[in-house]
Amino acid sequence: MKKRFVALGSAVLALTVALIPSQAQSVSIDYWLWDTSQEPAYKACATNFEKQNGIKVNVIQKGWDNYWTGITTGMVAGNAPDIFANHLAKYPEYALNKQIVDIAPWIAEDKVATNIYTGDLFKLWGRAGKQYGLPKDWDTVAIIYNKKMLKDAGISEASMNSLTWNPKNGGSFERLIQRLTVDGSGKRGNEAGFDKNTAKQWGWTSLNGNSSGGAYGQTEWSHFAVSNGFKFNDGPWSTKYYYDDPKLAESLQWQADISLKKGYSPLFKDIKATRGDTLFTSSKVAMIFDGSWMIGSYKANSKFDIGFAQLPVGPKGRKTMFNGLADSIWVGSKKQKEAWQWLKYMGSAACQDVVGGFGVVFPAIPSAVNKALAAFKAKGADVSAFTKQALAKDTTFLFPITDNSSEISAIMEKATDKIFLGQSDAASTLTEAAPKVNALFK
């Protein structure tokens, strides 16, 4: 009888333990992202997610270059992260090589709402009935300016949202950067005797990092070219690019000449060494164009008041590239179902509201965008220039999504480098590069 009770007690204890979630037994997945500013927000989401699901998420941040190298080599070596933040320029190649999971069956099985996201963000991550991510955020490009430099030049901030541009004479935008450029003797670019060779302050840096923009020129030149009538291709998954369009050539040539011939912008060779954003935060230039994901960085690193304005209006109107990120699951992960639960959570209002509250990016769900705007405002930044552009009619154009993005980037990076370094004119350089790009699809 005693043995029977001991056995019964042991069975009950074993059953009780089995029914109690054990932290030691919880599944752990690795999630990678490249943006340091977003890391705290997703760690907060991960904490909430773990409490609700018993799945631990290791949020790991890596710099842009090391990030993609680590993912690509990890997929080959068999140790890539279970799930990672993906980019529109990268995912077609992963999808083509069957390295990321088609989540369409899980979306259908779990009845996940896909009409909750801004614009066509969800569609961007699908192809031929397959889906490779749920939208997490979106971005666009605007002007960031030094308020003191504008005031010293007698320029009102109110005028910044009504600038015009064209490739013939640069419009009011060129006149603005001319006024904001100052040489070693204190002469402004629009004053007699101005010496571009002694410039100590430039009106604008046309290149914000250390790149010439390559195939897409998202923050560097795409807005000018498209507002001039250029289009990259005929839409997602096209097999032809129009890089030899004269509208692109004249836009890039105008931009190159602003630094090479007129001296209103630093030379590309100097930007490659120092970075355009560093020149801005060091009070060397008055204006810069950059993406909404960089708002926090400029606020943190500028020791002066900054403002934000919409891009100039070109011959075909105001245009800005609209890009959206999503998360993808590696096919080699042994924890795909757990990774799906985390992916689904990141694509929900529960997580995106948290991310919005950090005021670092604009989440994909509209209600979370309002939280982001409020958070930015609380930090003293009116960033509505970004959202006004994104929501205006016929203002945005999609980031080009096609196969062969790595090869296209390699070809076009060499081409745009030559243009901005002054090694070749834009028209002949692009006429030579365009057939090489289109040959990739044959």
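Structure data summary
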read-out: Distant-in-sequence amide H partners of ILE83 (H built 1.01 Å from N, under 5 Å); value: ASP30, TRP32, TRP330
read-out: Per-q log10 I(q)/I(0), the stretch 306-356, q = 0.29 Å⁻¹ (Debye; single scatterer per alpha-carbon; no solvent); value: -1.10
read-out: Share, in percent, of DSSP beta bridges within the chain that are antiparallel, nearest 5; value: 60
read-out: Using θ = phi - 60° and Karplus 6.51 cos²θ - 1.76 cosθ + 1.60, couplings along the stretch 127-136 (whole Hz; Gly, Pro as x); value: 7, 6, x, 9, 10, 10, x, 10, x, 10
read-out: The stretch 273-377, Cα convex hull volume normalised per residue, Å³; value: 176
read-out: Relative contact order of the chain, defined on C-alpha pairs under 8 angstrom at six or more residues apart (%); value: 24
read-out: Prolate/oblate/rounded label for the stretch 41-83 (Cα gyration tensor, a/c 1.5); value: oblate
read-out: Exposure proxy order (Cβ contacts within 10 Å, fewest to most) of ILE271, ILE83; value: ILE271, ILE83
read-out: LYS56 long-range amide H proximity, modeled H, under 5 Å; value: VAL27, SER28, ILE29
read-out: Distance from the stretch 146-164 to the stretch 60-137 (C-alpha centre basis), Å; value: 41
read-out: In Hz, Karplus ³J(HN,Hα) per residue of the stretch 382-396 (6.51, -1.76, 1.60; θ = phi - 60°; x = Gly, Pro); value: 8, 10, 5, 4, 5, 6, 4, 5, 5, 9, 6, 6, 6, 9, 9
read-out: Alpha carbon centroid spacing (whole Å) that separates the stretch 177-242 from the stretch 323-370; value: 33
read-out: In sequence order, calculated HN-Hα J values of the stretch 321-338 (Karplus, 6.51, -1.76, 1.60; Hz; x Gly/Pro); value: 5, 10, 10, x, 9, 8, 10, 10, 9, 6, 5, x, 5, 8, 10, 5, 5, 5
read-out: Angle in degrees between helix 426-439 and the longest Cα principal axis of the chain, rounded to the nearest 10; value: 30
read-out: Set of aspartates and glutamates with alpha-carbon distance to LYS442 below 18 Å, sequence-local pairs under 8 removed; value: GLU93, ASP234, ASP244, ASP403, GLU407, GLU432
read-out: Partners for LYS43 among aspartates and glutamates (Cα-Cα distance below 13 Å; same-chain residues under 8 apart left out); value: ASP30, ASP35
read-out: For the stretch 170-301, the spread of Cα positions along each principal axis, largest first, Å; value: 52, 35, 25
read-out: Helix axis angle, 64-77 relative to the chain longest principal axis, alpha carbon, degrees; value: 40
read-out: Pairwise Cα inverse-distance average, inverted: Kirkwood Rh of the chain (Å); value: 23.6
read-out: Excluding exposed DSSP-loop chymotrypsin sites (Phe, Trp or Tyr not before Pro) (at most 14 other C-beta within 10 Å), longest clean stretch of the chain; value: 1-236
read-out: Between 0 and 90°, nearest 10: helix 171-180 axis offset from the chain longest Cα axis; value: 90
read-out: Other-chain or far-sequence residues with amide H under 5 Å of THR320's (modelled H); value: THR396, PHE397
read-out: Semi-axis lengths (Å, descending) of the ellipsoid that matches the C-alpha gyration tensor of the stretch 47-130; value: 23, 20, 13
read-out: Largest-first ellipsoid semi-axes for the stretch 258-305, taking √(5λ) over the Cα gyration tensor eigenvalues, angstrom; value: 21, 11, 10
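Throughout, read-outs are computed from the coordinates displayed, never taken from laboratory work. Because the structure is a prediction, the values reported are computed rather than measured. Quick reminder, even Gly has a Cβ in these numbers, built from the backbone with ideal geometry, and neighbours come from all protein chains shown.
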